[in-house]
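Structure, as C-alpha cells:
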Amino acid sequence: MQISPSILSADFARLADEAAAVPNADWLHVDVMDNHFVPNLTLGLPIVESLLRATATPIDCHLMIEDPDRWAPAYAEAGAHSVTIHAEAAKAPVRTLRTLRSLGARAGFALNPATAIDPYEGLLGEIDMLLLMTVEPGFGGQRFLDMVLPKIRRARELIRRHGGEIWLQVDGGVAADTIERCAEAGADVFVAGSAVYGASDPRAAIDHLRHLAESTPSTAGAI
C-alpha cells in the first residue's frame, strides 16, 4: 500500500518545504493541467524539474493535458519516476507508453470516472500502473465518487487475469473516510491531497492513511 501526496493541495510558493514535510511518502504526486483537457491550469515541466532537484522522493507526474503523446516523454527525460497519460487524450497510447518505459519511467494510464475499463484490457501489458479517477479531473478537494468502486473491483479482476505487476492507483477524494473502501475494492496506490496537506501534521496523516489501507483486506475478485 503506497501513499502519494498530491502537491496540488500544497503551498506552491514553498514546494521544496512541502516536499520535505512528507518524508514518509512513497511518491509525490504532481498534477499537470493545461486548461484544455481539464478546466484548470496548474504547473508544468519547469516546476517538475525544480522539484526533482529539491527532493529525493520519487515524482509521480499525472498529465491531465491535451496531446500527451507529444509532451509526456519530456517528463520522463527530466527524471520523473512515473508518468501517467489519459486514455481520453492519447491518440497513440501504445507508442507513448513504450517510450516512457524506454526512458526509464513507470508508464501509467488514467481513466476518468465515466470511462469504462474493459475496452482497455488489451493495454495492460503496456503499463506499470492503472490510475482510476475517483472525481472528475481538474480540481482538488472534490468529494469521492462511490460510483467508481465497482470499476476499481473490475480493474483489479482484469489485472489479476493479466498476471502482471500492475499497480492500481486511485485519485480524488481519498481521505480517512474513503481509503478503506478503495483498498477493499482492490486499489494499492492512493493519491491524497487535502487529506495530507490540509492536516496539521502531514506526516502523521500519511501514517494514518497507510494504516487504514493496510488493515483493510481486499475482497476484489473474491468468489
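Nothing in this text is a laboratory measurement; each read-out follows from the coordinates by a stated rule. This is a predicted model, so every value here is computed, not measured. With ideal geometry, Cβ positions are generated from the backbone for all residues, glycine too; neighbour counts draw on all protein chains shown.
For region 2-214, the antiparallel share of DSSP beta bridges with both residues in that region comes to about 5%. All Cα-Cα separations within the chain were binned at 10 Å from zero, giving a P(r) of 9, 37, 39, 15, 1, each value a whole percent of the pairs.
Classify region 142-223 as rounded, prolate or oblate, taking a ≥ b ≥ c as the square roots of the eigenvalues of its Cα gyration tensor: rounded when a/c is under 1.5, otherwise prolate if a/b is larger than b/c and oblate if not. Could you put the intermediate results ahead of the total?
Working: a/c = 2.22, a/b = 1.87, b/c = 1.18.
Taking the square roots of the gyration eigenvalues as a ≥ b ≥ c, region 142-223 is prolate.
Loop-located GluC sites (Glu not before Pro) in region 127-223 (DSSP state other than H, G, I, E, B) with a sparse environment of at most 14 neighbouring Cβ atoms within 10 Å: GLU165. Per-residue ellipticity at 222 nm computed for the chain from its helices equals -9500 deg cm²/dmol, with DSSP H segments shorter than 4 residues left out and the rest contributing -39,500 (n - 2.57).
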